[in-house]
1. So which residues in the range 15-32 are open to solvent by less than 40 Å² (accessible area, probe 1.4 Å) and either small (Gly, Ala, Ser) or outside any helix (DSSP H, G or I) (or both)?
2. Within the range 34-60, track down each residue that is out of contact with any Phe, Trp or Tyr (no Cβ under 8 Å at 6 or more places or on another chain) and either in a helix (DSSP H, G or I) or open to solvent by 50 Å² or more (accessible area, probe 1.4 Å) (or both).
3. Taking the range 61-95, which residues are in a loop (DSSP other than H, G, I, E, B) and of a type in the set (A, V, I, L, M, F, W, C)?
4. Please state which one of Leu108, Leu81 is closer than 24 Å to Val12 by Cα, surrounded by 14 or more Cβ atoms within 10 Å (Cβ to Cβ) and either within 21 Å of the chain's Cα centre (by Cα) or at pLDDT below 95 (or both).
5. So, Arg9, is that one under 28 Å from Glu111 (Cα atoms), loosely packed, with under 14 Cβ neighbours inside 10 Å and not hydroxyl-bearing (Ser, Thr, Tyr) or not?
6. If I filter the range 97-114 for residues that are part of a helix (DSSP H, G or I) and touching a residue at least 24 places away in the same chain (Cβ under 8 Å), do I get at least one hit?
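The values are calculated or read from the model by the stated rules, or taken from the named source; none is laboratory data. Owing to the predicted nature of the structure, the values given are computational and were not obtained by experimental measurement. We place every Cβ from the backbone using ideal geometry, glycine too, and count neighbours over all the protein chains shown. We work out accessible area using only protein heavy atoms, side chains counted, and drop any ligands, DNA or RNA first. Shrake-Rupley method; radii C 1.70, N 1.55, O 1.52, S 1.80 Å.
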Amino acid sequence: MIEFVLDGRSKVNTYVQLVQQVKQALRVGLLVPGDRLPKVRNVAQSLAINPNTVLKAYRELELEGLAEGRPGVGTFVTGTLAGDSLANQADLRTELLDWLRRAQAAGLSDEDVTALVDTTIRAARQADALLEELA
């Protein structure tokens, strides 16, 4: 079962953070159709947030076809975002963990790592687009 974590420094709305975490878990196969999401009350208590915030996140997931609320039973995952690449993710995750350890040893903070990854992704996309234009 997924455990939600909030970034209090983030400018992203709390309910959006919850939705994003479910989507991430779906992409990497940590959640699959049939899995039950944590009870609204439990999430609200553990994160010290209003239950309506959790309900809003779960409703958003329902609107996107990724979850379904069953009265008196809970909210269950009904969709997936895992693609064909899921089979390759275990090896990539191992390599990424090694890289993250090296980055930490080099003195990079989580924010430094995020900035490095984000800027590298953007640069790679721009390079790919330029190559497509030249082809």
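1. Ala25, Gly29, Leu31
2. Going through the range 34-60, the residues out of contact with any Phe, Trp or Tyr (no Cβ under 8 Å at 6 or more places or on another chain) turn out to be 39, 41-42, 44-45, 48-52, 55, 58-59.
Lys39, Arg41, Asn42, Ala44, Gln45, Ala48, Asn50, Pro51, Asn52, Leu55, Tyr58, Arg59, listed by residue number.
3. Leu66, Val73, Leu81, Ala82
4. Numbers: Leu108 fails: either within 21 Å of the chain's Cα centre (by Cα) or at pLDDT below 95 (or both).
So the residue among Leu108, Leu81 that is closer than 24 Å to Val12 by Cα, surrounded by 14 or more Cβ atoms within 10 Å (Cβ to Cβ) and either within 21 Å of the chain's Cα centre (by Cα) or at pLDDT below 95 (or both) is Leu81.
5. Working: under 28 Å from Glu111 (Cα atoms): yes; loosely packed, with under 14 Cβ neighbours inside 10 Å: yes; not hydroxyl-bearing (Ser, Thr, Tyr): yes.
Here the answer is yes, as Arg9 does meet what is asked.
6. Scanning the range 97-114 turns up no residue that is part of a helix (DSSP H, G or I) and touching a residue at least 24 places away in the same chain (Cβ under 8 Å).
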